[in-house]
Amino acid sequence: MAEAIDVVVIGAGPAGYPAAIRAAQNGLKVICVDAWLDRDGGSALGGTCLNAGCIPSKALLESSELFYRAQTEFAAHGIAATGVALDLAVMQRRRAGIVRNMTGGIASLFKAAGVTAIFGRGRLLPGHRVEVTGHDGSRSEIEARHVVLASGSVPTELKCAPFDHERIVDSWDALEFTTVPNKLCVVGAGVIGLELGSVWRRLGAEVVVLEALENFLAIADQQLAAEAARHFRKQRLDIRLGAKVTGAVVADGGVTVSYGDKGGAHTLSVDKVIVAVGRHPYTANLLAPGSGVELDERGFIQVDEQCRSGAKGVWAVGDCVRGPMLAHKGKEEGIAVADLIAGRYAHVNYEVIPSVIYTAPEIAWVGRTEQQLSSAGIGFKSGVFPFAASGRARAMEAGVGFVKILAARDTDTILGVHIVGPMAGELIAEATLAMEFQASAEDLQRTIHAHPTLAEALHEAALAVDKRAIDTINR
């Protein structure tokens with residue numbers, strides 16, 4: 001049996017690799033086990049986020065937006081961009097290159113921190129032992145004082161539309177198309193579906209998005225969702241709500257999708273189908289009998305508020321535990337657990353976790369929605385500032401959307417911030433910091449913001465909470 005170490009982390013995604021690095025920074029001896037294989041069969045660190053999710057999708061979103069803007073916006077700036085053409089192969093090479101650099105960067109960080117990476121599939125055995133099955137089938141065991149489970153999540157498959165990874169594909173497949181589909185169906189109008197649908201719509205595909213729920217972006221503030229939906233439809237994203245897929249048949253080089261809505265049963269003929277109905281925890285064969293770790297009815301590892309499992313010395317973080325499946329949530333959990341193992345103080349504030357959808361316009365929020373506050377009977381006041389009144393946004397040809405701030409009626413404490421518009425994913429950081437420090441709307445009102453900046457929209461929305469905005473009409 002191998003020498004006992006302090007910490008074994010199973011999974012090198014955005015929850016696992018920070019846990020490993022922080023544990024090593026805390027002076028602990030750490031091994032990180034990861035099973036990811038790239039398309040060529042090579043091992044790669046970073047998990048879904050770096051290899052098949054956050055990073056490659058943002059690369060394609062950036063490239064496709066530039067292509068779309070060159071066609072639709074540059075003329076307004078006095079730039080005659082004639083003969084603009086798509087070279088998808090170059091675009092995809094750029095995406096792949098960014099992924100290689102980022103995953104290689106984690107390997108360098110491991111080396112600098114003193115983390116040992118082992119490639120293979122980890123399985124928790126009783127007694128703080130981890131069995132590692134290498135990609136060549138070899139097996140070995142590692143014994144540790146602590147084990148951190150960070151196995152991540154995988155795309156959810158529909159029984160009525162199973163993946164064939166050619167015509168009916170998951171989110172990873174959808175990032176690697178070598179040609180632009182003429183007609184594309186996206187099943188699911190969540191974060192992943194909207195981002196992937198936006199990429200291929202900008203590049204020329206006719207895109208139909210089928211969403212089973214009657215409300216668009218039900219997880220978001222509904223004023224925000226309505227504004228976003230309006231812009232997506234202007235971009236000719238065909239979003240159909242209350243549309244439940246019942247089947248998908250591959251034939252004659254295409255796919256016939258069957259779905260039902262209030263109007264009855266329908267069929268849709270497309271070249272490809274992207275199934276983006278969510279993700280579920282990747283815990284298959286992760287736990288040996290007697291490990292002491294329990295799963296809930298949805299397959300999530302059961303943990304307490306500090307990510308401790310039911311087995312002493314075994315922790316779990318990221319997508320395989322409760323809470324939003326967000327890389328930054330997993331990262332903070334991984335760091336917190338590494339500090340707790342080292343006897344340090346650590347805390348994750350689950351009430352203040354920002355969410356971002358990297359479409360155009362971007363969508364971001366933190367805290368509670370107007371609907372959640374109303375349902376809970378919490379008195380609040382609201383302030384909205386439109387980017388159409390922002391000089392910086394207008395100069396960018398991006399005067400769409402708004403900032404909305406919700407504050408407690410009695411204490412003025414900021415309860416939620418919701419942004420749809422340019423650089424929303426960056427602007428939400430100020431709101432998140434304000435809420436972390438329990439700031440009031442008045443605190444933002446009295447904070448000087450540089451002019452002209454997009455951040456002024458937050459300042460003006462805070463003023464609007466008390467009907468004191470300067471650059472828009474108070475309502």
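The values are calculated or read from the model by the stated rules, or taken from the named source; none is laboratory data. Note that this is a predicted model, so its numbers are computed, not measured. Here the Cβ is made from the backbone with ideal geometry for all residues, glycine too, and neighbour counts use every protein chain on show. Just the protein is used for accessible areas: all its heavy atoms, side chains included, with ligands, DNA and RNA removed. Shrake-Rupley method; radii C 1.70, N 1.55, O 1.52, S 1.80 Å.
Quick check for me: using +1 on Lys/Arg Cβ and -1 on Asp/Glu Cβ, what's the dipole size of segment 194-253 about its Cα centre, in debye to the nearest 20? Here segment 194-253 has a charge dipole of around 200 debye. Annotation: per residue accessible area for segment 373-475 equals 48 Å², rounded to a whole number [probe 1.4 Å, protein chains only]. Scoring 320-327, 105-112 by mean Cβ neighbours within 10 Å over their residues and listing the highest first yields 320-327, 105-112.
Using 1/(1 + (r/R0)^6) with R0 = 41 angstrom and r between the beta carbons of Ile219 and Arg93, what's the FRET efficiency to the nearest 0.05? It comes out at approximately 0.75. For the pair Asp38 and Ala113, a Förster radius of 25 Å applied to the C-beta separation gives a FRET efficiency near 0.60, rounded to the nearest 0.05.
In this model, which of Lys234/Lys404; Lys29/Lys329; Lys58/Lys183; Lys183/Lys331; Lys111/Lys329; Lys58/Lys272 are farther than 29 Å apart at the alpha-carbon? Exceeds cut-off: Lys183/Lys331. Taking GluC sites (Glu not before Pro) across segment 344-401, the ones in a DSSP loop with at most 14 further Cβ atoms lying within 10 angstrom of their Cβ are Glu351, Glu397. The magnitude of the dipole of segment 386-475, with charges of +1 and -1 set on the Cβ of Lys/Arg and Asp/Glu and taken from the Cα centre, is near 300 debye.
Using the rule -39500 (n - 2.57) for each DSSP H run of four or more residues, divided by the residues of the chain, the 222 nm mean residue ellipticity is -9000 deg cm²/dmol. Of the complete DSSP H runs in the chain, those spanning 27 angstrom or more by Cα along the long axis with a mean Kyte-Doolittle score not below -0.5 are 88-113. Taking 4.7 Å between C-beta atoms as the pairing limit, the chain has these partnerless cysteines: Cys32, Cys160, Cys185, Cys307, Cys320. Electrostatic tally near Ala429: other residues with Cβ closer than 13 Å to its Cβ, Lys and Arg +1, Asp and Glu -1, net -4. In the full protein context, segment 121-175 carries 45 Å² of accessible surface per residue, based on a 1.4 Å probe and ignoring ligands, DNA and RNA. With the charge dipole of segment 366-409 set up from +1 on Lys and Arg Cβ and -1 on Asp and Glu Cβ about the Cα centre, the Cα lying farthest toward the positive end among the listed residues Ala398, Pro386, Leu373 is that of Leu373. When +1 charges are put on Lys and Arg Cβ atoms and -1 charges on Asp and Glu Cβ atoms, the dipole computed for the chain relative to its Cα centre reaches about 320 debye. Taking a ≥ b ≥ c as the square roots of the eigenvalues of the alpha-carbon gyration tensor, the chain is classed oblate because a/c is 1.5 or more while a/b is no larger than b/c. For Asp466, what charge total do you get from the other residues with a beta carbon under 13 Å from its beta carbon, if Lys and Arg give +1 and Asp and Glu give -1? Residues near Asp466 contribute +2 overall.
The H on the amide N of Glu206, modeled in the peptide plane, is under 5 Å from the matching H of Lys183, Leu184, each at least 5 residues off or on a different chain.
In whole percent, and with a 1.4 Å probe on the protein chains, what portion of the accessible area of the chain is carbon and sulfur?
Solvent-exposed carbon and sulfur of the chain make up 52 percent of the total.
The trypsin sites (Lys or Arg not before Pro) of segment 1-79 meeting both criteria, a DSSP state outside H, G, I, E and B (loop) and at most 14 other C-beta atoms within 10 angstrom of the site's C-beta, are Arg39.
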